[in-house]
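One structure is given below, encoded as structure tokens.
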Amino acid sequence: MALGRNRRRERGVDYWPGFVDALSTLLLAIMFLLTVFVVAQFILGREISGKDEVLNRLNSQIAELTQLLALEKSGKQDLEDTLAALQSSLATSETERSRLQQLLDNGAGSADAANEKVGRLTDELDAEKQVSARAMSQIELLNQQIAALRAQIAAVEEALQASEAKDQASQARISDLGRRLNVALAQRVQELNRYRSDFFGRLREILSDRENIRIVGDRFVFQSEVLFPVGGADLDTAGQAEMDKLAAAILELAQEIPAEINWVLRVDGHTDASPLTGTGRYRDNWELSSARATSVVKYLISRGVPANRLVAAGFGEFQPIAQGDSTDILAQNRRIELKLTER
């Protein structure tokens, strides 16, 4: 059986070598064609690139030619404008030449017109001279008026100087009157101070020498306990007795003070800083201090002191003479002050 197969193999044809040769030949042909295609593409690209460069140069030349053409057109338009201007100037020159020739031909008639114009100008000059003469007369009149005004101004200045001199004299008199008034006021103040000293001296003599009645500066001070009960504004018996002495001193002094001194006795009421409850007769220290000063004034009036010589004022707790809240300091601040002053 193996022998049979070998025989059949020997009898069969082997195609494979021929197929390989044909395939190799085909590949070589394809490679050749690709090489030819690449070479052709290269040569064609070179040709196309060269044509593009040529085309670019042509486009550049076309642009330059276009610019030159535009310049030529512009130059042509300028030349045409210049030519038109020259033609117009030539026509004007010819017209002027014709006019001058006509004037030259009419020379005699122009001389007559010139003479007529000279006569007319002469008449106008005479009229101007007349107007000038009238203007000069008006100027002279104005100068006279200005001179009159200057004279009036000079008179006004003299009157003003006289008025200033009077004003200075008046100012001097006013200054002298003011000085005299100041001297008179100083004398009045000195007289009032003298009567105040006399008044305080007499009060010191007639009032009992008590620690709670003293002189502080230009004021005669009564402690409230001397005149009023605690929290009250009605004079008690001891207070009335002290006020009787005070009224007698005031009446005695009033007879000695000249009538031209407009004096008053000011009665000032003061309290301490202790607040009131507000449920009593007086709501606060303002009312209490004012009521006490008014009570003293009314009692003095009842004893014959003229009412126009008395003034009552209440200061509450806001004008203390000592600072602190001790019993002694509060007692010092509760007071009635008497001051003899000028109204």
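The values are calculated or read from the model by the stated rules, or taken from the named source; none is laboratory data. Treat the numbers as computed from the prediction; the structure is a model and nothing was measured. Here Cβ is always computed from backbone atoms with ideal geometry, including for glycine, and neighbour counts include all displayed protein chains. Heads up: the accessible areas ignore ligands, DNA and RNA and are worked out on the full protein's heavy atoms, side chains in. Shrake-Rupley method; radii C 1.70, N 1.55, O 1.52, S 1.80 Å.
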Open item on the list: Tell me the net charge near L90. Cut-off is 12 Å between Cβ atoms, L90 excluded, with +1 for each Lys or Arg and -1 for each Asp or Glu.
Closed with: -1
- [ ] Check cross-link reach from K339 to the lysines: straight Cα distance under 22 Å, and skip same-chain residues fewer than eight apart.
- [x] K245, K298
Task: Using a Förster distance of 35 Å, the FRET efficiency for A322-I174 (Cβ separation, nearest 0.05) - done: 0.15
- [ ] Check the straight Cα-Cα distances from K129 and name the lysines below 28 Å, setting aside those fewer than 8 residues away within the same chain.
- [x] K117
- [ ] Take the alpha carbon atoms of segment 278-343, find their center, do the same for segment 261-277, and report the distance between the two centers in whole angstrom.
- [x] 3 Å
Open item on the list: With every protein chain kept in place and ligands, DNA and RNA left out, what is the accessible area per residue of segment 240-343? Probe 1.4 Å, answer in Å².
Closed with: 50 Å²
Task: Selected from P320, G280, V296, residue furthest toward positive end of dipole (segment 271-343; charges at beta carbon) - done: V296
- [ ] With +1 on each Lys and Arg Cβ and -1 on each Asp and Glu Cβ, and nothing else charged, work out how big the dipole of segment 271-327 is about its Cα centre, in Debye to the nearest 20.
- [x] 440 debye
Open item on the list: With N set to the number of residues, divide the alpha-carbon radius of gyration of segment 32-156 by 2.2 N^0.38 Å and report two decimals.
Closed with: 3.27
TODO: Measure off, as a whole percent, the carbon and sulfur share of the 1.4 Å-probe accessible area of segment 242-327, all protein chains present.
DONE: 52 percent
Task: Residues with amide H under 5 Å from that of G314, placed H, sequence gap 5 or more - done: G269
Open item on the list: Just to check I understand the Karplus step: with θ = phi - 60° and J = 6.51 cos²θ - 1.76 cosθ + 1.60, what whole-Hz values come out for segment 163-175, glycine and proline as x?
Closed with: 5, 5, 4, 4, 5, 4, 5, 5, 4, 4, 5, 4, 4
Task: Phi to ³J(HN,Hα) by Karplus 6.51 cos²θ - 1.76 cosθ + 1.60 over segment 54-71, Hz, x for Gly, Pro - done: 4, 5, 4, 4, 5, 4, 4, 5, 4, 4, 5, 5, 5, 4, 4, 4, 4, 5
- [ ] With a ≥ b ≥ c taken as the square roots of the eigenvalues of the C-alpha gyration tensor of segment 232-271, please select rounded if a/c is under 1.5 and otherwise prolate if a/b is larger than b/c or oblate if it is not?
- [x] oblate
TODO: Tell me the label-point distance for the pair A273, V118, using the 7 Å Cα-to-Cβ offset, in nm and rounded to one decimal.
DONE: 11.9 nm
- [ ] Would you calculate the separation in nanometres between label points at E140 and V216, each defined as 7 Å from the Cα along the Cα-to-beta-carbon direction?
- [x] 9.5 nm
- [ ] Round to the nearest 10 and report in Å² the accessible area of L235, as given by a 1.4 Å probe over the protein chains' heavy atoms.
- [x] 20 Å²
Open item on the list: Placing unit charges on C-beta atoms (Lys and Arg positive, Asp and Glu negative, everything else neutral), compute the dipole magnitude of segment 28-145 about its Cα centre in debye, rounded to 20.
Closed with: 620 debye
Task: Karplus-derived HN-Hα couplings along segment 283-288 (A = 6.51, B = -1.76, C = 1.60, θ = phi - 60°), whole Hz, x at Gly and Pro - done: 6, 8, 5, 4, 5, 5
